[in-house]
Amino acid sequence: MSAVHYDSYTDARAHLKALLDAAERGRVATVRRDSAMTAVVDVERLRHYLASVSPSRAQVVPEAGGWSVFIPGLPVAADGATFDEAVSEMIGALREYAEDWQDRLLDSPNHAENWGLVQLVALSDDEQLRGWLVGEVP
C-alpha cells in the first residue's frame, strides 16, 4: 500500500478503514474537501515527532525557597515548593493554555504559531509532558 488520497469526504468515509490503516502505518493519508486538503496522521507518531522537533526550552529557576518554571516566549509559567511540584504545576498550566488556545487564542496573531505546542499538549499524557519539559524525550 502506498499513499492514500481521497478527493472527497464521501469517498474517504467509504474507505475509512484504508485511510486509518495507512495513517497508522505512517503512510501519507489525505482527504480533500472543497479546496482544503487534510492529512490523517497516527497520534503517537505525530506526538513523538512534535516532541522531538520542538524541545520545550523550559527554564527552571530556584526562587523564594521554591522553584519557578517558564518557557520563554509563552505566556505560561508555574511555581512549586519543589522541582517536581513546579513541573507538575507547569503541566497544568500548559493544559490550561492549550484549552484557552483552542477556545479563543488560535486566531490571535501572537498565539497562532503555537499550534504545534497545543497539539503536543493535547496528544500527551502527563508523564509524556513531564519528559518533554525536562528534556527526557525518548
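A few points about this structure:
- All positions within the stretch 106-130 that are free of Cβ contacts under 8 Å to residues at least 12 places away in the same chain and small (Gly, Ala, Ser): Ser108, Ala112
- Candidate set from the stretch 12-28 (those that are touching a residue at least 12 places away in the same chain (Cβ under 8 Å) and surrounded by fewer than 14 Cβ atoms within 10 Å (Cβ to Cβ)); member that is farthest from Arg45 (Cα to Cα): Val28
- Only a single criterion out of (1) in contact with an Asp or Glu (Cβ under 9 Å, 6 or more places away or on another chain); (2) within 30 Å of Thr30 (Cα to Cα) is not satisfied by Pro55, namely (1).
- Residue that is in the same structural domain as Gln128 (by TED's automatic domain parsing), outside any helix (DSSP H, G or I) and under 22 Å from Glu136 (Cβ atoms), where the choices are Asp79, Asp107: Asp79
- Summed over the stretch 102-138, residues that are of a type in the set (Phe, Trp, Tyr) and either surrounded by fewer than 16 Cβ atoms within 10 Å (Cβ to Cβ) or in contact with a Phe, Trp or Tyr (Cβ under 8 Å, 6 or more places away or on another chain) (or both) total 1.
The values are calculated or read from the model by the stated rules, or taken from the named source; none is laboratory data. None of the values given here were measured: they were computed from a predicted structure. Neighbour counts are summed over all protein chains in view; Cβ atoms, including those assigned to glycine, are modelled from backbone coordinates with ideal geometry.
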